[in-house]
C-alpha cells in the first residue's frame with residue numbers, strides 16, 4: 001500500500017461525518033463510510049476474522065489503491081465506527097499499519113442518540129447490523145442475570161468502544177502508528193488547539209473558515225430522525241446515573 005491510511009475509532013453519532021466534510025473542504029482525500037463498506041461483513045467477521053482479512057485483501061485495499069492520487073498528497077482518510085469492530089488485526093496481518101484518529105463524544109449523549117434512532121445493540125435491526133453486541137466474542141460481557149434496558153445496552157456499547165480505543169491506542173502506537181485523540185465538541189466549537197492538532201496530524205492547514213456552512217449542515221445531519229424513539233419525560237439525571245452505574249458495576253472483564 002503506497003498511501004498513508006488513516007481510520008477512526010469512534011462510537012458513531014460523534015461527528016464523524018462532519019469531520020470528514022471539514023477535511024475534504026481543506027483538501028484531504030476523505031470519505032465517510034464509503035463502499036466497499038465494512039458493514040457488509042462486520043457481523044459475520046465477529047466469529048471469523050478470515051472474512052475481514054479477505055474483505056481487506058480483495059475489496060477494500062484494492063479499491064483504496066485504485067483511487068487517483070490526490071493533489072494534496074497520498075493520504076487516505078475514512079471515518080467509520082465499523083473499523084474497530086474486527087478489522088484492525090486483519091489489516092495488520094496484511095502488513096499495513098494505519099494511523100488512527102480517535103473521535104470521542106460524551107457517552108450519555110451517544111447512548112441517547114442511538115436510542116432515539118432505534119439502534120440498540122442485540123435488539124433492533126439497526127443495532128444488530130451496525131453495533132457490537134454483549135454476546136459477541138472479545139467484548140465486555142454483561143451479567144446475564146439482569147434484564148438490561150435499551151438505554152443500558154446503548155451505554156454498554158459506548159464503554160466497549162472506549163475500551164477498544166484505549167487498547168488500540170497503546171497497541172498501534174507501539175507499532176509506530178500516529179495517533180490523534182480529539183473531542184467532537186472541540187471540533188464543533190472550533191477549538192484552536194483541536195484545529196492545530198488536526199493540521200499537524202494531516203500535515204495540512206485545517207480551517208473552518210473555508211466552508212462555514214458545514215457546521216450548520218452537520219448539526220442538521222446529527223439530528224436525523226432523532227425523535228423517532230422518545231424517552232419518558234419522567235427520566236431524571238439520577239435515573240440515568242443509576243442505570244449507568246449498574247452497567248459499569250456489571251461489566252465482566254475480558255480474560
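Below is a table of values for the structure above.
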read-out	value
Any hit, the stretch 59-66, residues being in a loop (DSSP other than H, G, I, E, B), on the phi < 0 side of the Ramachandran plot and over 16 Å from the mean Cα position of the chain (by Cα)	no
Scope the stretch 65-109; condition under 19 Å from residue 17 (Cβ atoms), buried (at least 20 other Cβ atoms within 10 Å of the Cβ) and out of contact with any strand residue (DSSP E or B) (no Cβ under 9 Å at 6 or more places or on another chain); matching residues	82, 85
Positions within the stretch 186-211 being surrounded by 16 or more Cβ atoms within 10 Å (Cβ to Cβ) and in a helix (DSSP H, G or I), in sequence order	186, 187, 188, 194, 195, 197, 198, 201, 202
Counted residues, the stretch 1-20 - those being more than 21 Å from residue 161 (Cβ to Cβ) and in contact with a strand residue (DSSP E or B) (Cβ under 8 Å, 6 or more places away or on another chain)	2
Flag if residue 13 is on the phi > 0 side of the Ramachandran plot and touching a residue at least 12 places away in the same chain (Cβ under 8 Å)	yes
Subset tally (residues that are in contact with a helix residue (DSSP H, G or I) (Cβ under 9 Å, 6 or more places away or on another chain) and at pLDDT 95 or above) for the stretch 198-231	2
Out of 59, 18, sole residue that is surrounded by 15 or more Cβ atoms within 10 Å (Cβ to Cβ), in contact (Cβ under 8 Å) with a residue 24 or more places away in the chain and farther than 17 Å from residue 130 by Cβ	18
Selection within the stretch 243-255 - at pLDDT 80 or above and either in a loop (DSSP other than H, G, I, E, B) or over 20 Å from residue 121 (Cβ atoms) (or both)	251, 253, 254
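The values are calculated or read from the model by the stated rules, or taken from the named source; none is laboratory data. Here the structure is a predicted model, which is why all the values come from computation and not from measurement. Note: ideal-geometry Cβ built from the backbone for every residue, glycine included; neighbour counts use all protein chains shown.
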